[in-house]
Amino acid sequence: MSGIAIGPGVTDVRHFLALSDLGPGGLRRLLDAAHARKQARAGRPNGTVDDDAPLTGHVLAAIFEKPSTRTRLSFDIAMRQLGGEAITIAAGDMQLGRGETIADTARVLSGFVDAVMIRANRHSDVEALAAAAGVPVINGLTDLSHPCQIVADLMTVEERLGRPVASTRWAWIGDGNNVCNSIIEAAGLLGFDLVIACPSAYGPNAALLDAARMRGASIEVIDDPAHAACGADIVVTDTWVSMGDTDADARLHAFRAFQVNPDLMARAAAHAVFLHCLPAHRGEEVTDAVIDGPQSAVWDEAANRVHAQKAILLWALGWLD
Ligand code: CP
Ligand code: NVA
């Protein structure tokens, strides 16, 4: 279906399956747009439409194979603020669950809506959906990555520290999971330093690590959380047991030395920011004192999902370079 105009000046379908889909300089432009659009509507009620209402008449299908609070709500609110609408569907309620193929589903959705956001168990299923879709497909989390989350994380860090994220040092503590993989991708695209502390059996995706290093990023993978946190500007973690993980007991055992607590935060820079994509498992990967403490930016991080999704939707539909 390539060749159909989907936004001002854009003639190819733009899928957002990974941060690198934004192209050279694209993540920086996306962040700038997200900050600017957030500031332009500061103080307005959440349900009001932005003055330019760029997505008037546009509809997003938001499909979920797994639970969601933030991704689900933020895409719906994002579409409302851009002047459009969202239809949210549990994948289990669709004919996908009865054997209709992903490709046929993509073709049908492309006739109904202007963009599709999907949270899927398998990244390969999202790639298959995009391959057959005539409208943009957005990755709302897979087993491999969570790029929408990281746009909000980057925004939050820049707001808190008051400087571009390119000059920061991040410490990832815990599972080398989908969220970690997207931070690795961001480090490669924006050039910030990253130290990942994880048990050796739970490391991040090797191909994404190689790609980010090829772009020139300084990324270390070690098994010592205290060393990783030393002097960090950002300390970030996530659950030890992600949706779909079936080895919870082994994980809870393997990660017990990887908790973000006040002792660990004390090793980071005095101005360090704590991030967590949420939902948090208090007492496991993070203690109450940290997530509820003054260095925690997790509530801003969650609220910024709306502004991140808006920039992603505008890029996918051709309103941003
Ligand atoms: N962080 C995040 O994606 O949250 P949800 O699972 O609630 O969407
Ligand atoms: N790593 C977590 C992120 C949840 C938003 C998971 O995949 O369950």
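Every number in this text was worked out from the coordinates using simple rules, so none of it is lab data. As the structure is a prediction and not an experimental result, all values here were calculated from the model. Quick reminder, even Gly has a Cβ in these numbers, built from the backbone with ideal geometry, and neighbours come from all protein chains shown.
Above 17 Å lies some portion of the pair distances; for the range 152-223, what is it as a whole percent of all C-alpha pairs?
Across the range 152-223, Cα pairs with separations above 17 Å total 38 percent.
Could you give me the ³J(HN,Hα) list for the range 27-42, computed from phi with Karplus coefficients 6.51, -1.76, 1.60 and θ = phi - 60°, whole Hz, x at Gly and Pro?
5, 4, 5, 5, 5, 4, 5, 5, 4, 5, 5, 4, 5, 5, 10, 4
Once you have the alpha carbon radius of gyration of the chain, what is it after dividing by 2.2 N^0.38 Å, with N set to its residue count?
Cα-based Rg divided by the globular estimate yields 0.97.
So what is the relative contact order for the range 271-321, in percent, with contacts set as C-alpha pairs under 8 Å and at least six apart?
For the range 271-321, the relative contact order is 36 percent.
Quick one: which residues, 5 or more positions from Ile89 or on another chain, have an amide H under 5 Å from its amide H? H modelled 1.01 Å from N in the peptide plane, none for Pro or chain starts.
For Ile89, the qualifying residues are Ala62, Ile63, Phe64.
Can you bin every Cα-Cα distance in the range 110-247 into 5 Å intervals starting at zero and give me the percent of pairs per bin, rounded to whole numbers?
2, 10, 18, 21, 19, 14, 9, 5, 2, 1, 0
Which whole-number percent gives the relative contact order of the chain, counting Cα pairs below 8 Å spaced six or more residues apart?
Relative contact order comes out at 20 percent.
Quick check on the exposure proxy: order Met265, Met155 from fewest to most C-beta atoms within 10 angstrom.
Going from least to most buried by this count: Met265, Met155.
Explain nothing, just the number: dipole magnitude of the chain about its Cα centre with +1 on each Lys and Arg Cβ and -1 on each Asp and Glu Cβ, in debye rounded to the nearest 20.
It works out to roughly 620 debye.
Would you report the distance distribution of C-alpha pairs in the range 38-120 as whole percents per 5 angstrom bin, up to the bin with the largest distance?
So the P(r) values, bin by bin, are 3, 14, 22, 21, 17, 11, 6, 4, 2, 0.
Round to a whole angstrom and tell me the spacing of the C-alpha centers of the range 272-321 and the range 78-105.
Answer, in whole Å: 24.
By how many degrees, 0 to 90 and rounded to 10, does the Cα axis of helix 147-161 deviate from the longest principal axis of the chain?
Its long axis makes an angle of about 60 degrees.
Determine the percent antiparallel among the DSSP beta bridges restricted to the chain, to the nearest 5.
5 percent
Tell me the angle of helix 123-132 to the major Cα principal axis of the chain, expressed in degrees between 0 and 90 and rounded to the nearest ten.
With both axes taken from Cα atoms, the answer is about 20 degrees.
If you average the alpha carbon positions of the range 218-262 and of the range 177-195, how far apart do those two centres end up, in angstrom?
15 Å
Let a ≥ b ≥ c be the square roots of the eigenvalues of the Cα gyration tensor of the range 195-310; is it rounded (a/c under 1.5), or, if not, prolate (a/b larger than b/c) or oblate?
It is rounded, given that a/c, with a ≥ b ≥ c, falls under 1.5.
Any number yet on Rg/Rh for the range 15-160, C-alpha, Kirkwood?
Taking Rg over the Kirkwood Rh, I get 0.97.
Once you charge only the Cβ atoms, +1 for Lys and Arg and -1 for Asp and Glu, what is the size of the charge dipole of the range 75-186 about its Cα centre, to the nearest 20 debye?
The dipole magnitude comes to about 200 debye.
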